[in-house]
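Chemist: Supplied in C-alpha cells, the structure appears directly below.
None of the figures in this text is laboratory data; all of them are computed from the coordinates on show. These figures come from a predicted structure and were not determined experimentally. Note: ideal-geometry Cβ built from the backbone for every residue, glycine included; neighbour counts use all protein chains shown.
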Amino acid sequence: MKNLIKNSLVFIVMFTTFLVNANSTVNTFNDDPKTTLTLINVKQGNKLFVKDAFGITLYSETIQNSGDYIKAFDLTKLPDGDYFFELVKDLKIKTIPFTIKATVADIKKENEKNELRPFVKSEGNLVYISSPCSNKRPLEINIYFDDNGFKLIHSETIENTQNVNRMYSLNKTERGNYKIETKIEGRTFVDYMKL
C-alpha cells in the first residue's frame, strides 16, 4: 500500500511538473522513457526543432497537419545538458526549455518563452519588413538576388528603436528570385520571394 501511494504521488508530481500551459504540454513517466509533447493549434508548415544550449539543431520537422500536434520523443539518449523545443510559426516562436540529467527530462515551465519574429511581405517589386525590437536590440536586414547563386544587393543594421517598419523597392528589371534575411537577438530568419 505504501508503494502504491508513493508511486501515485510520484506520478502526480511528475504530471504537474511537466504541464507546460494550455497551449502546450510535455509529459513523461517513470516506466516509459519517452516524453510526449503536445502543442495546441499548430498549422501545416510550422516547424518544430529540438536544439541544444548552443542553438545547434538536433531534430527538425515540418508540421504536416493543422490542429493539435502530439508526438513522443525519446530524450534519454541525449547527454546531460540544457536543450529546448522550438516551434516556429508564421510570426511567433515558442521555446520550451528542458534539462537532461541522468536520462531524465526536466521541463523548465517557468522559462518558456514566446517571441515575435520579423514580418516580411512582398507586393510586386516592394518588400515590407516590420519587427518589434525588444530592448532596442539591433535588427540586421540583408537582401540577396539569385544570379546563379545568391548575391548580396542590400544590407543594413537598424538600432535604437522599438519597432522597425521598412519598405524596399526592388529593381523591376532584375526579375528572378530574392532572399530576404533578417537577424535579431542571435536568430536568423530567411524568406524568399520571386519578382
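Chemist: Quick one: 3J(HN,Hα) in Hz for the stretch 152-164, Karplus 6.51/-1.76/1.60 with θ = phi - 60°, rounded, Gly and Pro as x.
Modeler: Those phi angles translate into 5, 10, 7, 8, 7, 10, 9, 10, 6, 9, 7, 9, 10 Hz.
Chemist: Could you pull out every one of the lysines with an alpha carbon less than 24 Å from that of residue 136, ignoring same-chain neighbours closer than 8 positions?
Modeler: Straight-distance partners of residue 136: 89, 92, 94, 113, 121, 183.
Chemist: Starting at the first residue of the stretch 61-74, write each ³J(HN,Hα) from the Karplus equation 6.51 cos²θ - 1.76 cosθ + 1.60 with θ = phi - 60°, in whole Hz, x for Gly and Pro.
Modeler: In residue order, the calculated couplings are 8, 9, 5, 8, 10, 6, x, 8, 10, 10, 8, 9, 10, 8 Hz.
Chemist: Let me ask something additional. Peptides 93-100, 161-168: what's the order by average Cβ count within 10 Å, highest mean first?
Modeler: With the highest mean Cβ count within 10 Å placed first, the list reads 93-100, 161-168.
Chemist: Work through the residues other than residue 52 whose Cβ is under 14 Å from its Cβ and net out their charges, Lys, Arg +1 and Asp, Glu -1.
Modeler: My count for the surroundings of residue 52 gives -1.
Chemist: Also, quick follow-up: Extension gain residue 185-residue 155, at 0.36 nm per residue separation less the Cα-Cα distance, in nm?
Modeler: Gain on stretching residue 185 to residue 155: 9.1 nm.
Chemist: Would you please name the GluC sites (Glu not before Pro) within the stretch 150-181 that are DSSP coil residues with at most 15 other C-beta atoms within 10 Å of their C-beta?
Modeler: Sites meeting the loop and neighbour criteria: 159, 174.
Chemist: Quick one: if the Förster radius is 30 Å, what FRET efficiency do residue 171 and residue 116 give, using the C-beta to C-beta distance and rounding to 0.05?
Modeler: 0.50
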